[in-house]
Amino acid sequence: MDIKRIILRQIKMDLLHPFTTSVGTETDKTIILVEVKSASGISGWGESVAITQPIYNEETVETNWHMMSDHLIPLLHWEAVQHPDEVSGRFKKIRGNFNAKAAIEGAVWDLYAKENNLPLAKALGGTKARIEVGVSVGIQQSETLMLKQIEDYLKEGYKRIKVKIQPGWDIGIIRSIRQEFPKIPLMADANCAYSLNDIETLKALDEFDLMMIEQPLDHDDIIDHAKLQSQLKTPICLDESIHSYEDARKAIELGSCKIINLKIGRVGGLTESKRIHDLCVEHNIPMWCGGMLEAGIGRAHNIAITSLGNFTLPGDTAPSAHYWKRDIIQPEVEMKDGYIVVPEAPGIGYEPDLEQIEALTMYSKVFHF
Ligand code: MG
């Protein structure tokens with residue numbers, strides 16, 4: 001691969017609806033886009049999922065910009081990259097900063113797939129022609145609004161409903177949802193809002209036949225999750241705690257979870273995502289792909305990784321129109337009957353909408369190789 005230029009752009013997009021979890025409310029999203037350009041003029045695209053506050057993990061948009069500019073991009077300079085699998089090895093000596101690493105590596109993967117005339121999904125070993133779509137419902141102002149929201153999403157065709165919970169917005173709301181919708185595939189995401197002191201509350205959720213409860217305990221814990229799982233019937237799914245293949249291996253060995261939510265940005269990229277996928281296959285751990293309110297580029301990467309065989313549970317990759325008035329790709333991601341078709345065009349399979357990207361760009365930086 002002959003990389004000639006890397007362009008970073010910082011864009012800002014308004015969310016159609018505010019999104020509330022146990023850690024805060026988001027109304028807009030500042031996003032770093034990475035464009036990796038080859039000598040032949042082909043561009044690969046990546047998107048950082050970092051947000052402006054360090055409340056999901058320690059990274060922010062600003063720390064990502066710094067890490068990419070001053071530490072990661074220089075590591076691609078010294079020797080040509082032959083295959084995108086090499087990128088994570090190059091970045092290994094830099095600790096953490098997985099969102100930043102994944103954004104650059106994702107752009108290199110897109111470029112590689114395009115240069116080889118392959119859909120990114122195929123380049124990663126994906127086998128599915130379409131993926132199942134679930135939806136994540138944030139914490140609402142009232143129970144009535146929550147039930148109405150779920151009813152609307154079910155009508156739109158979503159294959160599973162995930163609701164965000166936090167202390168005080170848990171058993172009551174789940175009971176109401178179950179009374180109204182006894183059979184729907186339903187799960188709860190706590191975003192680390194509980195501790196082992198809340199074990200009775202978490203055990204009380206067992207009666208509602210949830211597909212799983214996602215990340216009930218601390219963002220960096222796997223020990224207490226194992227203790228909790230041994231006392232819960234509901235499968236625990238880990239999200240925030242899994243940053244790498246090694247974290248996944250340890251969590252599986254300890255029995256900390258029965259399901260893994262994979263986020264490409266959380267684990268440092270697509271190469272590490274493939275390794276975690278294969279580990280989960282070996283251990284019969286079903287997976288699904290989580291969401292970080294991505295714009296079209298990040299969304300396209302999520303679709304590609306979800307096409308791998310062990311992503312057997314519906315993910316959070318909803319269509320563009322669920323989040324944005326106008327996305328930054330053409331065509332936009334669309335859902336039909338609860339499915340998104342995996343694109344067959346080379347690379348991520350969607351064209352970046354350069355006019356829209358230009359209009360949203362606050363600033364940019366070009367690195368010449
Ligand atoms: Mg989560």
Within the range 212-227, which residues are within 16 Å of the ligand (Cβ to nearest atom) and either farther than 22 Å from residue 280 by Cβ or not β-branched (Val, Ile, Thr) (or both)? 212, 214, 215, 216, 217, 218, 219, 220, 221, 225
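To keep it simple, each residue is scored yes or no on (1) closer than 14 Å to residue 228 by Cα; (2) in a helix (DSSP H, G or I); (3) modelled with pLDDT under 95.
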site	(1), (2), (3)
159	no, no, yes
173	no, yes, no
178	no, yes, no
184	no, no, no
198	yes, yes, no
203	yes, yes, no
Of the conditions (1) within 16 Å of the ligand (Cβ to nearest atom); (2) in contact with a strand residue (DSSP E or B) (Cβ under 6 Å, 6 or more places away or on another chain), residue 280 satisfies every one except a single condition; which number is it? (1)
Members of the range 128-152 found to be part of a loop (DSSP other than H, G, I, E, B) and within 16 Å of the ligand (Cβ to nearest atom), listed by number: 134, 138, 139
Can you confirm whether residue 69 is in contact (Cβ under 8 Å) with a residue 12 or more places away in the chain, away from the ligand (no atom under 16 Å from the Cβ) and farther than 26 Å from residue 317 by Cα? yes
Unique match (being closer than 26 Å to residue 137 by Cα, in a helix (DSSP H, G or I) and either modelled with pLDDT under 95 or within 15 Å of the ligand (Cβ to nearest atom) (or both)) among 299, 266: 266
Any chance the range 165-182 includes a residue that's surrounded by 15 or more Cβ atoms within 10 Å (Cβ to Cβ), within 15 Å of residue 17 (Cβ to Cβ) and among the β-branched types (Val, Ile, Thr)? no
Inspect all residues belonging to the range 224-231 and state whether any of them is within 20 Å of residue 313 (Cα to Cα) and either modelled with pLDDT of 95 or more or buried (at least 19 other Cβ atoms within 10 Å of the Cβ) (or both). yes
Filtering the range 316-369 down to residues that are among the polar types (S, T, N, Q), within 30 Å of residue 161 (Cα to Cα) and not in a loop (DSSP other than H, G, I, E, B) yields 320, 330
Just to be sure I understand the filter: pairs with C-beta atoms under 6 Å, separated by 6 or more residues or on different chains, first member in the range 167-191 and farther than 18 Å from residue 204 by Cβ, second member in a strand (DSSP E or B). Which pairs pass? 184/161; 191/21
Does at least one position in the range 286-296 carry a residue that is in a helix (DSSP H, G or I) and either assigned by TED's automatic domain parsing to the domain that holds residue 138 or surrounded by 24 or more Cβ atoms within 10 Å (Cβ to Cβ) (or both)? yes
Scan of the range 1-53 for residues that are within 16 Å of the ligand (Cβ to nearest atom), over 17 Å from the mean Cα position of the chain (by Cα) and part of a strand (DSSP E or B), ordered by number: 24, 25
Would you point out the residue of the range 252-263, among those that are farther than 16 Å from residue 56 by Cα and in a loop (DSSP other than H, G, I, E, B), that is nearest to the ligand (Cβ to nearest atom)? 257
Is it the case that residue 83 is surrounded by 12 or more Cβ atoms within 10 Å (Cβ to Cβ) and assigned by TED's automatic domain parsing to the domain that holds residue 14? no
What residue, of 157, 106, 125, is more than 16 Å from the ligand (Cβ to nearest atom) and touching a helix residue (DSSP H, G or I) at 6+ places or on another chain (Cβ under 6 Å)? 106
Within the range 236-251, which residues are away from the ligand (no atom under 14 Å from the Cβ) and surrounded by fewer than 22 Cβ atoms within 10 Å (Cβ to Cβ)? 244, 245, 246, 247, 249, 250
Per-region count, the range 316-357, residues at pLDDT below 95 and either among the hydroxyl-bearing types (Ser, Thr, Tyr) or within 27 Å of residue 279 (Cα to Cα) (or both): 4
Note: among 106, 126, 44, just one is touching a Ser or Thr at 6+ places or on another chain (Cβ under 6 Å) and surrounded by 20 or more Cβ atoms within 10 Å (Cβ to Cβ), namely 126
When the range 189-211 is checked residue by residue, the ones that are under 20 Å from residue 23 (Cα atoms) and within 16 Å of the ligand (Cβ to nearest atom) are 189, 190, 191, 192, 193, 194, 202
When residues of the range 162-171 are limited to those that are more than 16 Å from the ligand (Cβ to nearest atom) and in a loop (DSSP other than H, G, I, E, B), the one farthest from the chain's Cα centre (by Cα): 168
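The values are calculated or read from the model by the stated rules, or taken from the named source; none is laboratory data. All values reported here derive from a predicted model rather than from experimental measurement. Cβ coordinates were reconstructed from backbone atoms using ideal geometry, including for glycine residues, and neighbour counts include every protein chain displayed.
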